[in-house]
DNA sequence: AATATCTATCGTATTATTGCAATAAATAAA
DNA sequence: TTTATTTATTGCAATAATACGATAGATATT
């Protein structure tokens, strides 16, 4: 087994989980924080900022790109990675919805 | 090597990633949604709601408990699982901080 | 005491993730 | 054309995560 049973959950539950998974690594958090705050978005800059090998950074960027949080713009010989505003707003809304839910009163209270 | 290099990132970056990891599975999203909305919080109810084996549900509950999002209250012979308001608010704040950051204007715009 | 109920844990199989060296690919510069 | 620069990909090793049957543990019930 070792594989998530995605088919038994709703599309939304799977989407939330996928977005969360994209954020579930400190390197990817660092990448996002950098792209949110700094003007520089060139891949090489990120490799310098992060204490990881170039191949590893490239892989994390690929994952963030795959989920849609980032998009890459080729600017030879460099590649510029940026936050995809559309997906970012989607993630903001989806997490916002969960966290704004008032916690139900149940048997523990 | 298959192990995250946590020591090269800040405590906060690691904490965000850990919280995100806890949300990075549709079953755990379903558990949280259930506990947020329903009054029932007994482990057995969750096992009935989720299309997963009892052992698997118990394991997901353990992870959510470990990160602090849930706490379990033994009520023999049942166990009542509830959202830990403190950690929930921490997560809300931590994700809120990221998503409220205005996206920097960079070379892609 | 024996039985039933509920939950946690163990063991195991399978797949996913992380990390990096090496290398390829693509373009700019010489 | 040759070389340098930048990024992606491949291949590999090691660890983590997912899932579930089987079983153990704890408490109620009979």
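Structure above, values below:
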| read-out | value |
| --- | --- |
| Pick from segment A:76-88, criterion exposed (fewer than 12 other Cβ atoms within 10 Å of the Cβ) and within 13 Å of DNA strand C (Cβ to nearest atom), ranking: modelled with the lowest pLDDT | A:76 |
| Residue that is nearest to residue A:52 (Cα to Cα) [pool: residues in segment A:6-16 that are facing chain B (nearest Cβ under 7 Å) and within 10 Å of DNA strand D (Cβ to nearest atom)] | A:6 |
| Failed item, numbered, when residue A:19 is tested on (1) more than 7 Å from every other protein chain (Cβ to nearest Cβ); (2) under 15 Å from residue B:20 (Cα atoms); (3) more than 16 Å from DNA strand D (Cβ to nearest atom) | (3) |
| Every residue from segment A:90-104 that is more than 29 Å from residue B:78 (Cα to Cα) and surrounded by 13 or more Cβ atoms within 10 Å (Cβ to Cβ) | A:90, A:91, A:92, A:94, A:95, A:96 |
| Any chance residue A:107 is exposed (fewer than 15 other Cβ atoms within 10 Å of the Cβ) and facing chain B (nearest Cβ under 8 Å) | yes |
| One residue from B:48, B:73 being within 22 Å of residue A:6 (Cα to Cα) and at pLDDT below 95 | B:48 |
| Unmet requirement for residue B:71, which otherwise passes all of (1) within 16 Å of DNA strand D (Cβ to nearest atom); (2) within 16 Å of the chain's Cα centre (by Cα) | (1) |
| Those residues of segment B:29-50 which are within 11 Å of another protein chain (Cβ to nearest Cβ), more than 26 Å from residue B:16 (Cβ to Cβ) and exposed (fewer than 14 other Cβ atoms within 10 Å of the Cβ), in sequence order | B:38, B:39 |
| Members of segment B:32-60 found to be touching a strand residue (DSSP E or B) at 6+ places or on another chain (Cβ under 8 Å) and within 12 Å of DNA strand D (Cβ to nearest atom), listed by number | B:43, B:44 |
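The values are calculated or read from the model by the stated rules, or taken from the named source; none is laboratory data. Note that the structure is a prediction, hence the values are computed from the model and not measured. All Cβ positions, glycine included, derive from the backbone under ideal geometry; neighbour counts span all protein chains shown.
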